[in-house]
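Take a look at the structure below.
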Amino acid sequence: MQGVVDRGGICHDTVKSDTDYLVLGQEGFIGYQAGHKSLKMKKAEEMSSKGMPIEILAETDFLGML
């Protein structure tokens, strides 16, 4: 989270209309790929289906973007 803040980003504990990325830990991402979805994951998917620019990423992939 500090890396995001250091680069001018904002971190939230919830998925909001201004969320660009939902970052999942490795186990959470594996579960997500297997169809096990939390309320946050479902909300992010719903927002994406409505055309909002949100991406669901594994933490390792997100860290590579920083």
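Just so it is clear, none of the values below were taken in a lab; they were calculated from the coordinates. Small disclaimer: the values here were computed from a predicted structure and weren't measured. Cβ atoms come from the backbone with ideal geometry, glycine included; neighbour counts cover every protein chain shown.
For Cα pairs less than 8 Å apart in space and 6+ apart in sequence, what is the mean separation divided by the residue count of the chain, i.e. the relative contact order in percent?
Dividing the mean separation by the residue count of the chain yields 40 percent.
Karplus couplings for the range 20-35 from phi (6.51 cos²θ - 1.76 cosθ + 1.60, θ = phi - 60°), rounded to Hz, Gly and Pro as x?
9, 9, 9, 9, 10, x, 4, 5, x, 5, 5, x, 4, 5, 8, x
Using modelled amide H (1.01 Å from N, peptide plane; none on Pro or chain starts), what sits under 5 Å from the amide H of Y21, excluding residues fewer than 5 places away?
E55
Name the lysines eligible as straight-distance cross-link partners of K50: C-alpha to C-alpha under 17 Å, and not fewer than 8 places from it in the same chain.
Cα-Cα hits under 17 Å: K16, K40, K42.
Find me the longest stretch of the chain that has none of the exposed trypsin sites (Lys or Arg not before Pro), where exposed means in a DSSP loop (not H, G, I, E or B) with at most 10 other Cβ atoms within 10 Å.
My reading of the result: 8-49 is the longest stretch.
Return the long-range amide H neighbours of S38 (sequence gap of 5 or more, or a different chain), with a cut-off of under 5 Å between placed amide H atoms.
Close amide H contacts, sequence-distant or interchain: none at all.
Could you compute Rg(Cα) / (2.2 N^0.38 Å) for the range 2-65, with N its residue count?
Cα-based Rg divided by the globular estimate yields 1.09.
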